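J.: Below are the structure tokens for one structure; questions will follow.
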Amino acid sequence: MGHGVIATNTAVLRQLTRSLHAIFREELEGPDKSLVDAMRFFMETSSTGDMEDYNWLGSIPAMQEWLDKRPHSKLRQFGQTIRNVEWANGIECHLNEIEDDKLGQIAMKVKGLADGYKTHVWDRFVSLLQGGSAAACYDGLPFFSASHTEGDSGVQGNLGGAVALSDTAFEAVYAMMVEYNDDKGKPCNPIEAARV
């Protein structure tokens with residue numbers, strides 16, 4: 001094509017845009033270790049609005065002997081509202097780059113943009129963890145706190161303090177956490193607690 005033909009041909013520009021979108025989508029849907037690692041820590045849900053209310057009920061009550069009337073217990077209600085945030089970015093290409101047949105380089109940048117999304121998910125996860133000692137979670141306390149409680153659970157913390165990361169430290173924290181109680185005061189994981 002002659003110089004300037006691409007610039008004035010909207011059909012060619014539309015096709016070029018579709019091709020670059022396809023390259024972006026293909027790269028975005030490909031495997032990526034950092035994204036897979038990050039998603040192990042998340043629960044993915046669909047969302048239809050600008051925010052979502054995540055409500056859940058407390059633990060089921062323990063069985064009781066049925067004497068006169070069937071026993072009934074109320075379930076505690078917990079919840080948290082999370083506002084959805086949209087993230088985006090794009091790449092601007094100068095017309096000369098298209099006309100000078102630099103599409104191979106542009107395609108590489110488009111792939112890099114898709115990879116940047118995958119890294120962004122991991123970066124957001126790390127940022128949330130780093131802010132976990134300050135940002136409030138559903139019970140109004142920071143995510144990492146020494147004084148979480150739910151109903152009759154008693155005080156249960158997940159704040160490890162200044163402990164160096166090691167197998168021994170992990171085992172100590174794990175042993176502590178498997179003994180946590182639910183909001184009814186029952187062990188959350190009695191089988192695992194018995195193993196530790």
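The values are calculated or read from the model by the stated rules, or taken from the named source; none is laboratory data. No experiment lies behind these values; they were computed from the predicted model shown. When we count neighbours, we look across all protein chains shown, and the Cβ atoms used for this are built from the backbone with ideal geometry, even at glycine. The area values use the complete protein model at the heavy-atom level, side chains included, leaving out ligands, DNA and RNA. Shrake-Rupley method; radii C 1.70, N 1.55, O 1.52, S 1.80 Å.
J.: Once you have a ≥ b ≥ c as the square roots of the Cα gyration tensor eigenvalues for segment 98-196, tell me rounded if a/c is under 1.5, and otherwise prolate or oblate according to whether a/b is larger than b/c.
T.: prolate
J.: Here's another thing I want to ask about it. Measuring from label point to label point, each 7 Å out along Cα→Cβ, what is the K109 to I191 span in nm?
T.: Reported label-point gap for K109 and I191 is 5.5 nm.
J.: Can you tell me the length gained on complete extension of the stretch C137 to I82, counting 0.36 nm per residue apart and subtracting the Cα distance?
T.: 18.8 nm
J.: Could you work out, for segment 1-155, what percent of all Cα-Cα pairs fall into each 5 Å distance bin, beginning at 0 Å and stopping at the bin that holds the largest distance?
T.: It works out to 1, 6, 10, 12, 12, 11, 9, 8, 7, 6, 5, 4, 3, 2, 1, 1, 1, 0, 0, in whole percents.
J.: How far apart, in nm, are the 7 Å Cα→Cβ label points at T45 and L75?
T.: Calculated label separation equals 1.4 nm.
J.: Still on this structure, please answer the following. Calculate, for the chain, the solvent-accessible area per residue in square angstrom, rolling a 1.4 angstrom probe over the heavy atoms of the protein chains.
T.: That works out to 76 Å² per residue.
J.: Among L67, I82, W122, flag the residue with its Cα farthest along the positive direction of the charge dipole of the chain, charges on Cβ as +1 for Lys/Arg and -1 for Asp/Glu.
T.: Sorting the options by dipole projection puts first L67.
J.: Given axes a ≥ b ≥ c from the Cα gyration tensor, I'd like to know whether segment 136-185 is rounded (a/c under 1.5), prolate (a/b larger than b/c) or oblate.
T.: oblate
J.: N55 to L159: FRET efficiency via 1/(1 + (r/R0)^6), r the Cβ-Cβ distance, R0 41 Å, to the nearest 0.05?
T.: 0.95
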